[in-house]
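Below: the structure, in C-alpha cells.
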Amino acid sequence: MDTDGVQSVERTGQAVELVYRTTRADLEHALRARDAHTAAGRRRRWAFPVGGTLGLGFSVLARVWGEPLVGKPLLFLACGVALWVHTLFGPRLQARAFAGMLEKAGETRTVVDDSGVLVTAATCRTHIGWEAQPTYVETAEAFLMLSDDKRAVAMTVLPKRGIRAPADADGLRAVLDAHLRRR
C-alpha cells in the first residue's frame, strides 16, 4: 500500500494518460450531462420547472383570492422561485461550491487502462475499478464515468483537453468501451 492509502495496482494493457486541471466549467458540464443521462436527472429536468411554475401560480391565485401576502402565498412564492433557481442555475451553483477544492487539487494526472482508472492530484490519489462506475457518457468536451445507482452519485470527469495526442482519444474510447457500458 502506498502513502495515500491506495493499493498498488499493476497497470496492464493499453494505457491512456490525461493531464489537466479540473475547472468549474468541467464540473458544471459533467453535472448537466449526468442529468441528461440518468432517470433521476431527466425527471428533475421537467419536475422542477413544473413544480416551480405551480408554486408561482398558486402564490398568484392565493393573492387574487384575498389571502394576505404572508402565509401560503409567500410559501408558494418561495418554493416556486427556489425550484426555478435550481432548474436554471443548479449545476452552476453546485460547481461553484467545489471551486476551492478544485483549486487545491491543482493539476490532475489520470491513467486509464485495463485495471481501471488511477487519478492522482495534489490532494489525493485514488484507483477506481471498473465495477465502481460501470457506465460512461461521451460528450463533445469530456468522457464521464458514472456509478450505476439511479442518481449516478459517483462520477469521474475525464476532460478531452487533457488527452495528450489526438489518437489517444480513440484509445481511451476503446478502453472505456471494453470495460464500461455506454449510456
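The values are calculated or read from the model by the stated rules, or taken from the named source; none is laboratory data. Since we're looking at a predicted model, the values are computed, not measured. Glycine also receives a Cβ, built like all others from the backbone with ideal geometry; neighbour counts cover every protein chain displayed. Accessible surface areas use protein heavy atoms only, side chains included; no ligands, DNA or RNA. Shrake-Rupley method; radii C 1.70, N 1.55, O 1.52, S 1.80 Å.
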Could you say which residue among Leu18, Leu54 is surrounded by 13 or more Cβ atoms within 10 Å (Cβ to Cβ), outside any helix (DSSP H, G or I) and modelled with pLDDT of 85 or more? Leu18
Selection from segment 71-113 of residues in contact with a Lys or Arg (Cβ under 7 Å, 6 or more places away or on another chain), surrounded by 15 or more Cβ atoms within 10 Å (Cβ to Cβ) and either free of Cβ contacts under 8 Å to residues at least 12 places away in the same chain or assigned to a helix (DSSP H, G or I) (or both) yields Pro73, Pro91, Ala95, Leu102
For the structure I just gave you, tell me whether Arg43 is assigned to a helix (DSSP H, G or I), at negative phi and among the basic types (Lys, Arg). yes
Segment 133-167, residues that are open to solvent by 50 Å² or more (accessible area, probe 1.4 Å), part of a helix (DSSP H, G or I) and touching a residue at least 40 places away in the same chain (Cβ under 8 Å): Arg161
Name every residue in segment 125-180 that is aliphatic (A, V, I, L, M) and more than 19 Å from Asp114 (Cβ to Cβ), in order of residue number. Val137, Ala140, Ala142, Leu144, Leu146, Ala152, Val153, Ala154, Met155, Val157, Ala165
